[in-house]
Amino acid sequence: MRGAIFDMDGTLLDSMWMWRGLDEQILIDNGVPVPEDLGQKIVTMNSQQAAEYLSSNYLPHLEPEKIMENWEEMVWQAYRTVIAPKPLVPEYLHALKARGIKMCIATMTDRPQAETVLRRLGLWDLFEFIITVPEAGKSKHEPDIYFQCCEKLGLDPADCTVFEDAYYAVKTAKAAGFTVCGIYDDTSKLDWPAIERTADIAITDYRQLLEQL
């Protein structure tokens, strides 16, 4: 591995509870029962798509823009104050940096929010750059964002490992020829068996990666 491409939420950061909580909280605040499969239905959507989905299916009295305004305030507050790295993530990133491995982030989160939380946690300077899904122009159902990362790193896909917690992204990166490390997160636990089958390596704790260095 000469390059490492990391997803952010759910992979480096213990933050997926916040994103899932946003969807559920706005339904609760409006007296709408939360469907059991809500998380699975919107996990691959960006904020705009999720807001449109909730507005169309559960909250017809709220425009998607209003839903997104409510979310944005909650997300900013969480990134500025409570979101933390997953255990041993800083140690693993510093270990890769010390070995000369180039690292970047490919995230669905908007750039200002991603930069804010990474700077607060002291992780920003460990990465060469970040690319967001809106900047890449396509979701992680397509491999474009990973190829763009490779190009900016100056490396071939065969030289890079992609770290992801979402099954659909694991599938995309694997099909595109990358080595893939699946990262366990509670919010995608139903997909964990599939992630284990698809990824080249699947870990539940960053200690497992540190021990392999």
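The values are calculated or read from the model by the stated rules, or taken from the named source; none is laboratory data. Given the structure is predicted, the values throughout are model-derived calculations rather than measurements. In this analysis, Cβ positions are derived from the backbone assuming ideal geometry, glycine residues included, and neighbour counts consider all displayed protein chains.
For (1) polar (S, T, N, Q); (2) over 26 Å from ASP205 (Cα atoms), each residue gets a yes or a no:
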position: GLY21; (1), (2): no, no
position: ASP29; (1), (2): no, yes
position: GLN40; (1), (2): yes, no
position: GLN48; (1), (2): yes, yes
position: SER55; (1), (2): yes, yes
position: GLU65; (1), (2): no, yes
position: ASN70; (1), (2): yes, yes
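Residue check: is ASP186 out of contact with any Pro (no Cβ under 6 Å at 6 or more places or on another chain), surrounded by fewer than 24 Cβ atoms within 10 Å (Cβ to Cβ) and modelled with pLDDT under 95? Answer is yes for this residue.
When THR161, THR132, THR179, THR109 are screened for being over 18 Å from ARG2 (Cα atoms) and in contact (Cβ under 8 Å) with a residue 40 or more places away in the chain, only THR109 passes. Applying the criterion of being small (Gly, Ala, Ser) and at pLDDT below 85 to the residues of segment 15-43, the residue that is farthest from LEU121 (Cα to Cα) is GLY39. With respect to (1) free of Cβ contacts under 8 Å to residues at least 60 places away in the same chain; (2) crowded, with 22+ Cβ neighbours inside 10 Å; (3) of a type in the set (Gly, Ala, Ser), the lone exception for ALA202 is condition (2). Number of residues in segment 73-108 that are in a helix (DSSP H, G or I) and among the aliphatic types (A, V, I, L, M): the value is 8.
Conditions tested, residue by residue: (1) touching an Asp or Glu at 6+ places or on another chain (Cβ under 6 Å); (2) closer than 30 Å to LEU209 by Cβ; (3) without any contact (Cβ under 8 Å) to a residue 40 or more places away in the chain.
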position: THR11; (1), (2), (3): yes, yes, no
position: LEU27; (1), (2), (3): no, no, yes
position: PRO33; (1), (2), (3): no, no, yes
position: GLN40; (1), (2), (3): no, yes, no
position: MET45; (1), (2), (3): no, yes, yes
position: TYR58; (1), (2), (3): no, no, yes
position: PRO64; (1), (2), (3): yes, no, yes
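Looking only at segment 14-24, which residues are more than 12 Å from the chain's Cα centre (by Cα) and under 13 Å from ALA51 (Cα atoms)? Hits for segment 14-24 are ARG20, LEU22, ASP23, GLU24.
Residues are listed down the side, and each one gets a yes or a no for (1) β-branched (Val, Ile, Thr); (2) within 21 Å of the chain's Cα centre (by Cα); (3) surrounded by 17 or more Cβ atoms within 10 Å (Cβ to Cβ):
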| site | (1), (2), (3) |
| --- | --- |
| GLY31 | no, no, no |
| VAL34 | yes, no, no |
| THR44 | yes, yes, no |
| ALA50 | no, yes, yes |
| SER55 | no, no, yes |
| GLU65 | no, no, no |
| THR81 | yes, yes, no |
| TYR92 | no, yes, yes |
| ALA98 | no, no, no |
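Annotation: of all residues in segment 1-13 being buried (at least 21 other Cβ atoms within 10 Å of the Cβ) and more than 10 Å from the chain's Cα centre (by Cα), the one that is nearest to ALA136 (Cα to Cα) is ILE5. Looking across segment 189-204, the residues that are modelled with pLDDT under 95 and of a type in the set (D, E, K, R) come down to LYS189, ASP191. Out of curiosity, is GLY3 touching a strand residue (DSSP E or B) at 6+ places or on another chain (Cβ under 7 Å) and touching a residue at least 12 places away in the same chain (Cβ under 8 Å)? Considered against the rule, which asks whether it is touching a strand residue (DSSP E or B) at 6+ places or on another chain (Cβ under 7 Å) and touching a residue at least 12 places away in the same chain (Cβ under 8 Å), GLY3 comes out as yes. Every condition in (1) surrounded by 14 or more Cβ atoms within 10 Å (Cβ to Cβ); (2) of a type outside the set (A, V, I, L, M, F, W, C); (3) assigned to a loop (DSSP other than H, G, I, E, B) is met by HIS61 except one, and the failing one is (1).
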